[in-house]
């Protein structure tokens, strides 16, 4: 009972994971066993006989409810799928913010945005060596031979621009160096230009892809980076201590950094020593105590050491280091389980260390509670300037428990399992939470084939679909999409995939169709499609006319009318708050041209996330309006004598966190890159076929008429809102460039997964055939 307050503070603390790496696809070539050890090759065969391996494997088996064997856990991972296990691990970990160093090369790694459904806040750490290597791989702008001066100019310009790029691959919250791996921490901050030039030549001579290992050149890059980031108040994370066998441990002792720490130019550069500097934890503690700019992070040491090893390492850190300078991280990588294990054992170890400090008289209980909160979140929030407020973590992740349900246990009594049919209708099965946890998560909900083929007019399959009442699929919940319903706190909702049996996707599953096409786009062209939807909808109120109930628009005002917005503002505030709780970004909203019509533009995301957000946004708008006695309808043409409603989608192409739809400079004819033009040309060429998916019902074509800005012509234009495809140059984009293109012939009856899959497939055809766009159509031609 004496330490109950401390235990509660540790268990309930939401964590800021300030150093981690990308998760990889379930079919990645990365071996799951590598999650447990830094060993490789033949040495890895002995890893299962280490203390930490046995303990960590047992913890994961307890989490999943399997037997404690590597094969059983791997079988569970394949059956459950990556989304499910990621949801389970992150919920059990209680991580509220994640900073990812995406410079670690991993097979089939997911980009930063993929992680967003699992963690409320995701930021980026930029690895400087990989950053420099990419610059050299791209070659000089004019095709000439690299010189140190040219490299320095481009390196400086790009690095200085990064802190302001917040919409590319995640906002930059710090830099990182792996000099310890390449040439050691005995960095010379005064390396001469001649030595650096020779180092550059040595690096280039080794060929491409570039891998920088020359000490002089690494020292030069490190020093240039510090000189730049001091002006942006960004910290530098430095790998110290143990790692895989590429590292010479003798050169990973942080004491080698003395020359850097003593250099007056870098006195204001905040430096983080990663991995508890193990086995040099005492040395790291000393440096943190005598240098004001040095901070500590203990990821990797926890959970890769034995229990006593973790405890002794953290105790050694706290022997001299100020408590305000010690931070938690998981150093999670590749597999979601590494994040769970890092969080679970950090709670155990920090509690043990702080409890002993109280017993020894070093700390009082209130001081230990404050220290725990600082170590787990407070220090990192302030240090990295993260704009979040950590919540209380309700899952007791310090106690091994069978979380085979892979969902949070809260007060929700019912769960809505949602799918969208071919006519865009949202449908759901509702199950009690207990049954959901015990049965549905693993086995799904049974559903007849016919449900995917039902029309907008009749609850029966359309003719010639071959989808009948014979045959059954399973609705398997995607736990990464599971949310408490903001307008009905007693319930939760989750989107479902369609499987023939758990683990075997049905060929007609819309979400799987989008995944398949996206995989082709990624595998063949290393591209990812981002999407952002504009929702148009009518708000109708019920009136009695001649003893008959009729629905009429709530107002009859003009486009962007302030009075129209004001009339609905209180409900719209409620909707925006609900969407915010679902982590759905809203960019703007306004009254549209139709009577009672509004538009709400959602932020762009990776296409599968954009489709998920669209479904939840429509659910939110309709449900909250219904609670206020208002009917919200997304039907394409509600009234034949008024403007129609679309679900316009803005599309862009991304590679390695960069928007590559946009041209690199103003020399492009249409402001887009070559791959951007080829992709868009494919979409234009196949537009009539695409519309079978994006405008799927007869009412869709009542909307698509000339002079209504709905895309009635087969053409494209530059900022031409009458064209079905138009390139867009939003504020902040340089003149002459375009960042995305819009498809107007997409409406609220479309299944967004099928619509986006059709668009991506057409774009892939354009890329394969290297299609070119015809001349754009401007005003005067329509």
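Computed from the coordinates by the stated procedures, all read-outs in this text should not be read as laboratory data. Keep in mind the model is a prediction, meaning the values are calculated, not measured. Here the Cβ positions follow ideal geometry from the backbone for every residue, glycine too, while neighbour counts run over all protein chains shown.
A compact table of results
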item: Degrees separating the helix 607-627 axis from the principal Cα axis of the chain, which is the longest one; result: 60 degrees
item: Virtual spin-label span in nm between residue 324 and residue 733, 7 Å along Cα→Cβ; result: 4.6 nm
item: The stretch 628-782 - share of DSSP beta bridges that are antiparallel (%, nearest 5); result: 75 percent
item: Approximate spin-label separation residue 244-residue 307, in nm, with each point projected 7 Å along Cα-to-Cβ; result: 3.0 nm
item: Estimated distance in nm for a label pair at residue 484 and residue 545, the labels positioned 7 Å out from Cα along Cα-to-Cβ; result: 4.3 nm
item: The stretch 627-782 - Debye-derived log10 I(q)/I(0), Cα point model, q = 0.13, 0.19 Å⁻¹; result: -0.60, -1.17
item: Residue list for the stretch 244-285, given a label point 7 angstrom along the Cα-to-Cβ vector of residue 46 and an amide N cut-off under 20 Å; result: 244-250, 279
item: Protection-proxy order for peptides 309-321, 329-341, each taking the mean of Cβ atoms within 10 Å per residue, highest first; result: 329-341, 309-321
item: Cα long-axis angle, helix 752-769 against the chain (0 to 90 degrees, to the nearest 10); result: 80 degrees
item: More than 25 Å apart - percent of Cα-Cα pairs taken over the stretch 516-769; result: 44 percent
item: Folded to 0 to 90 degrees: helix 336-360 orientation relative to the chain principal axis, Cα; result: 50 degrees
item: Largest-first principal axis extents, alpha carbons of the chain, Å; result: 84, 68, 52
item: Whole-number D in µm² s⁻¹ for the stretch 4-383, Kirkwood Cα-pair radius fed into Stokes-Einstein, 10 °C, 1.306 mPa s; result: 74 µm²/s
item: Extension gain from residue 268 to residue 674, taking 0.36 nm per residue of separation minus the Cα-Cα distance; result: 141.8 nm
item: Inter-part distance where the stretch 124-148 and the stretch 28-68 are each reduced to a Cα centre, Å; result: 36 Å
item: Helical mean residue ellipticity (222 nm; -39500 (n - 2.57) per DSSP H run of 4+; nearest 500) of the chain; result: -11000 deg cm²/dmol
item: Area projected by the alpha carbon convex hull of the stretch 410-538, averaged over all directions, nm²; result: 10.3 nm²
item: Gain upon complete extension [residue 211, residue 768; 0.36 nm per residue less C-alpha separation]; result: 197.4 nm
item: Peptide ranges 643-653, 509-519 listed from the most packed, as the mean C-beta count within 10 angstrom indicates; result: 643-653, 509-519
item: Extended-chain gain in nm, criterion 0.36 nm per residue less alpha-carbon gap, residue 640 and residue 435; result: 69.2 nm
item: Ordering of 449-458, 556-565 by packing [mean C-beta count within 10 Å, highest first]; result: 449-458, 556-565
item: Rounded to 5, percent antiparallel among DSSP beta bridges of the stretch 4-383; result: 5 percent
item: The chain: antiparallel DSSP beta bridges as a percent of all, rounded to 5; result: 65 percent
